[in-house]
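The values are calculated or read from the model by the stated rules, or taken from the named source; none is laboratory data. Everything numeric here is computed off the predicted structure, so don't read it as measured data. Positions of Cβ are backbone-derived with ideal geometry, glycine not excepted, and every protein chain shown enters the neighbour counts.
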Amino acid sequence: MMLLSIVALAQAAVQAVPAAPPLLGALPKQSLPERGCAAYLWAVQDQRFVAMVEPGRLRIMLYGKPTDLAAAEAGGGGTLGLANTTRYAGAGVTATLDMTITQRETLQDGAIVSDASIRLTRGDQDEIVVPVGGLVGCAPAAR
């Protein structure tokens, strides 16, 4: 009987803790760049638009506000001006974006982000990894 009471109290305590909102919120609509290219990334799990990537900058929704993180380190080659792996920092977080960009003849002024993830770390507090995918859109080339 006492064991059942302890289990019931433990379940009540777990249910009473409010779920924290996702660290990466949904971004509002973003424009194509005036020059060059940008990647537009959606969370694989629920299709929320969570990131926009331009050379040197990652835009995410952090703590309810659009936040730009500056690139701190990039590597792994790249496609359309975007590196395969980039580490960003700012606003008390670091983010590492790993992505594979695939160009296709059927896409004009862009490409597909076929495999990607964003690893977001808040100091010594926590770290989340969000699988993402999306598209790269480029400013129209002069024809």
By residue number, the members of segment 94-143 that are within 19 Å of LEU24 (Cα to Cα), exposed (fewer than 14 other Cβ atoms within 10 Å of the Cβ) and not charged (D, E, K, R) are GLY123, GLN125, ILE128, VAL129, PRO131
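Yes/no per residue for (1) farther than 17 Å from LEU135 by Cβ; (2) of a type outside the set (A, V, I, L, M, F, W, C); (3) under 11 Å from the mean Cα position of the chain (by Cα); (4) modelled with pLDDT under 95:
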{"site": "LEU27", "(1), (2), (3), (4)": "no, no, yes, no"}
{"site": "TYR40", "(1), (2), (3), (4)": "no, yes, yes, no"}
{"site": "LEU62", "(1), (2), (3), (4)": "yes, no, yes, yes"}
{"site": "GLU73", "(1), (2), (3), (4)": "yes, yes, no, yes"}
{"site": "GLY81", "(1), (2), (3), (4)": "no, yes, no, yes"}
{"site": "LEU97", "(1), (2), (3), (4)": "no, no, yes, no"}
Restricting attention to segment 76-103, the residues that are among the aliphatic types (A, V, I, L, M) and closer than 17 Å to ASP124 by Cβ number exactly 4
Checked segment 64-81 for anything surrounded by 13 or more Cβ atoms within 10 Å (Cβ to Cβ) and either closer than 15 Å to ALA116 by Cβ or among the aromatic types (Phe, Trp, Tyr) (or both); matches are ALA74, GLY78, THR79, LEU80
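Would you call THR86 of a type in the set (S, T, N, Q) and buried (at least 19 other Cβ atoms within 10 Å of the Cβ)?
Details: of a type in the set (S, T, N, Q): yes; buried (at least 19 other Cβ atoms within 10 Å of the Cβ): yes.
Judged against the criteria, THR86 is a match.
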